[in-house]
Each structure stands twice: as C-alpha cells, then as structure tokens.
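The values are calculated or read from the model by the stated rules, or taken from the named source; none is laboratory data. Since this is a predicted model, take the numbers as computed values, not measurements. Note: ideal-geometry Cβ built from the backbone for every residue, glycine included; neighbour counts use all protein chains shown.
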Amino acid sequence: MHLAMRPAGKTTAATAHARSASLPHEHPHPIMAHLDDSIRTLRSWSARATGGQSSGIALVDAVLAALGELLALPQAVAALHTATAACDQILERILVLADAYGTFLSALVTLKQSVAEQQVGTRRGDGMMVAASLRVHRRTEKELCRLVTMMRHAARGTLRPLDTTNNEVIGIVADVAVATVEASETIFMECAAMSPDMQVPSNKWLARLSVRPSAKKAAPETAMVALERLEKLEESIGGLETGSEKVFRRLLQSRVSLLNILTPF
C-alpha cells in the first residue's frame, strides 16, 4: 500500500480503524483516532479557508499537539523505528515547515512594527512616516508570497509515495506533514493579502487616510477610523504571532521526537 494525498475531508472511520491496525488494540487507539479527526478538520478548513488565519494556525497547532501525543506511544515508536526511509522523508518536510514558520514569525514582527509606525504617523499627521511604513509592509507581503511558493513546492514534494505497508502509523504521521503544508500555504497566502485597510488595496490606503506628505493633519474623524482599523490589524497580527510561535515550537519538538525514535535502541 502506498500513501497518496487524499482530498480534504475524505478520511473515514474505516480508514482510522485500518491505520490503528499496527497498534495492539481491538478498536482504533483514542490518540490515533483523535489525530485522524484533527487532520480531517484541518484539511476541511484548508479547502474552505473560512474563519481566518488565526483559526487555521490554531488547527495546525492542534494537529501537531495530537502528533506529539502519538509519538509518545511506545507502540508508535516501535512502528516508526522500523520505517527509517519514510521517516527521513517526513523529517525533511518538517524541517521545511520549521524554516517557513521561522521566516513567518520574523515577517509578523516586521508587520507589527510597521503597523505601530503607521499609528504614530497617523496621530501626528506625518504622511512621510505613514508612506515609509507602508513600503515596509509591502516588502513584507512579498516575503510572505515567497513562503506561499515554498509551500506549493513542498506540497508537490509530498506527492512522493511512501511505503506504509503494515505500518499505518507512518501513514498518519506523513498525513500530518501533508495537511500542515496545505494549511500553511493558505495561511501565508491570506496574510500576504493583508493590508492596513482590509477593504482597499494597499496602494490606495494612504489616500483613504487623507494623509499625504504635504498634508498638515488628517480630519479627526478619518484619523480616528484609521487608528481603530490599525489597532485591530495590530491585534490580529499579535494573535498570529502567538499562534505561530506555538506551531514553530511544536514542529521543532516533532522533529526532535522523530530523530530520537530513529536513534538505535
């Protein structure tokens, strides 16, 4: 049997039961079943991309948390220990994800700083400061677009079949990597589309603020609305940063766990 990428939401109870065949239980192991459900939920979110980036990050975190529980099971450790080649492929994918989330975190820090500077510039009526922070914002958006491309490339890589014969544990661990790549592409893409004003393109936002290099001050009402919008954006970025830190740490923990499993007893 070879592992292939299944369409989102196609995981069935029968599949979950089959996956648990390598574990000595008459019924699917609760941890295996929980991880399977978490993967299905994440893939469903990726297919619909509803609920925003923070929801996607939370679902990725939930999948990786469930993976951590699975990797702590002695039965799972024994099953993975005999699948060195497959584990090596999964380790490569997790490393790509960890690198991507490290870059993503740096980008979020830059975005948050640029939004803070836009707030200062708006309060002061400093069009030059606002324009400079918007340029930083756009450069960061390009960096996020590069992350999207990285995830698309990684998704193509996950199409390589893994031999999961008599080892359904390796199959579900591989599915974690695939589902995380798919969701991360969507998360990064949505973040790349963020602008200080979610309703207008970034290059029109300065005009919407009524703040230009030659302007003395934005109208009080306009400045107030802009500041409220920026505060919400800053809060959103902060939430993404917190969630991404958790995902980054879990990816590193998963990689360490797999490396420890592959170490000879």
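Quick look at the values:
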quantity	calculated
Test: residue in the stretch 25-37 that is under 15 Å from residue 169 (Cα atoms), of a type in the set (Gly, Ala, Ser) and modelled with pLDDT of 90 or more	yes
Count - residues of the stretch 111-142 that are crowded, with 19+ Cβ neighbours inside 10 Å, among the β-branched types (Val, Ile, Thr) and over 16 Å from residue 238 (Cα atoms)	2
Within the stretch 187-240, considering residues that are modelled with pLDDT of 85 or more and of a type in the set (Gly, Ala, Ser), the one nearest to residue 109 (Cα to Cα)	238
Any chance residue 179 is of a type outside the set (Ser, Thr, Tyr), within 26 Å of residue 56 (Cβ to Cβ) and modelled with pLDDT of 90 or more	yes
Wholly enclosed helices (runs of 4 or more DSSP H) of the stretch 48-156 bearing at least 2 residues modelled with pLDDT of 95 or more, within 19 Å of residue 254 (Cα to Cα) and not charged (D, E, K, R)	52-71, 84-124
Those residues of the stretch 247-265 which are more than 14 Å from residue 72 (Cα to Cα) and either among the small types (Gly, Ala, Ser) or crowded, with 17+ Cβ neighbours inside 10 Å (or both), in sequence order	247, 248, 251
Residue match in the stretch 77-86 (condition: under 27 Å from residue 246 (Cβ atoms), among the β-branched types (Val, Ile, Thr) and surrounded by fewer than 20 Cβ atoms within 10 Å (Cβ to Cβ))	yes
